[in-house]
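One structure is given below, encoded as structure tokens.
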Amino acid sequence: MSAVLVFVDQHGAAADAGLSRRTQELLTLARAAGEPVAALAGPLSPAAHACLGAYGVGRIYQSEQSELFDYLAAPKADFLAQVAGELQPAAVLLENSAEGKEIAARLGIALSAGVICDAVGLDAGLHAQKSVLAGSYTVTCRATTAISIITVKSNSVHAEAAVTPAEPVVEAVSVSFGAASLAAKIIDRSATPASGRPELGDARIVVAGGRGVEGNFGPVEELADALGAAVGASRAATDAGWIEHSAQVGQTGKTVSPQLYISAGISGAIQQKAGMQTSKVIVAVNRDAESPIFEIADFGIIGDLFTVLPQATEEIKRRRG
């Protein structure tokens, strides 16, 4: 069985932290496609070690070198290139984040390997499913090179531990970094103020508002809090200054793939669809019955969001007691 290498970034994780849900999803896919192997950047806590074993990882290549965290993405690509050069895996899996895509691109050049981004599915033959042309089509593709490099959208697979846990063997890796990889150094970090809501890219439920909120995100935020959801927005809403740009979902914003996506007051133009069309269930609320969002919605409500959303919030709170 061919090895499938999964990049695990534990930098900044708490000393007793396990693995993020995104990493667990990647390990689930890796196990279905071959033998999961972890390339871990950062400390290996007992909880993370146990979690890796629970997901069937038998080998862990680990490095805690400061260059991996004091510089941008290039040193992490060097780390993966060195591990992959030794291991020769069938594929390397990474998160579909901005950093994950940059690492994948650099790794593809280093290994002369094909790169597939925005994957939402992966089979045992390393055929990846992804949306293309702003979400207009879903295609199946496969790299023709010996190693496939694939970034996978979060929430694309249900994370499941292995039936038979493994006892991982840890191998320390000393990485040789190129001068070009150390050209841009991180000089400061600041924590994002906590909102109490899940991070948009990781959230299993997203409630998003658009031009139809008319500057008032209150009903959207109240419904999101009742559901334990993240808050998203269209570009029109962020450009108007009604909400921070980090909440933007779309072709020029974040791409999300939650289990449930509630669209409120968003027309559903192609730019917006590109960022959320792979959501498992889409619920649209819009006063315009001809709005394009209804073409892709699983459930549509033609109505005023200022009436519909508060009613939904009240009912959810009532049912939860």
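The values are calculated or read from the model by the stated rules, or taken from the named source; none is laboratory data. In this text the structure is predicted, and so the values were computed from the model without any measurement. In this analysis, Cβ positions are derived from the backbone assuming ideal geometry, glycine residues included, and neighbour counts consider all displayed protein chains. Please note that ligands, DNA and RNA were not included when accessible areas were found on the heavy atoms of the full protein model with its side chains. Shrake-Rupley method; radii C 1.70, N 1.55, O 1.52, S 1.80 Å.
Within the range 243-256, residues that are in contact (Cβ under 8 Å) with a residue 40 or more places away in the chain have Cβ atoms under 6 Å from residues that are open to solvent by 10 Å² or more (accessible area, probe 1.4 Å) and in a strand (DSSP E or B) in these pairs: Ala247/Val231, counting only partners at least 6 apart in sequence or on another chain. Identification of helices (runs of 4 or more DSSP H) wholly contained in the range 1-117 with 3 or more residues that are open to solvent by 40 Å² or more (accessible area, probe 1.4 Å) and on the phi < 0 side of the Ramachandran plot yields 21-33, 46-54, 74-87, 98-111. Among the criteria (1) touching a Leu at 6+ places or on another chain (Cβ under 9 Å); (2) within 18 Å of Glu167 (Cα to Cα), the one Leu26 does not fulfil is (2). Under the condition of being in contact with a Ser or Thr (Cβ under 9 Å, 6 or more places away or on another chain) and assigned to a strand (DSSP E or B), which residue from the range 288-321 is most open to solvent (accessible area, probe 1.4 Å)? By that ranking, first place goes to Ile302. For the residues Val281, Val285, the requirement of being closer than 20 Å to Lys130 by Cα, surrounded by 13 or more Cβ atoms within 10 Å (Cβ to Cβ) and touching a Leu at 6+ places or on another chain (Cβ under 6 Å) singles out Val281.
Counting only residues that are modelled with pLDDT of 95 or more and in a loop (DSSP other than H, G, I, E, B), the range 129-158 holds 6 of them. Looking across the range 202-230 at every residue that is closer than 23 Å to Ser131 by Cβ and aliphatic (A, V, I, L, M), the one that is surrounded by the fewest Cβ atoms within 10 Å (Cβ to Cβ) is identified as Ile205. In the range 175-196, which residue that is touching a strand residue (DSSP E or B) at 6+ places or on another chain (Cβ under 9 Å) and open to solvent by less than 70 Å² (accessible area, probe 1.4 Å) is nearest to Ser63 (Cα to Cα)? Restricting to residues being touching a strand residue (DSSP E or B) at 6+ places or on another chain (Cβ under 9 Å) and open to solvent by less than 70 Å² (accessible area, probe 1.4 Å), the top hit is Val175.
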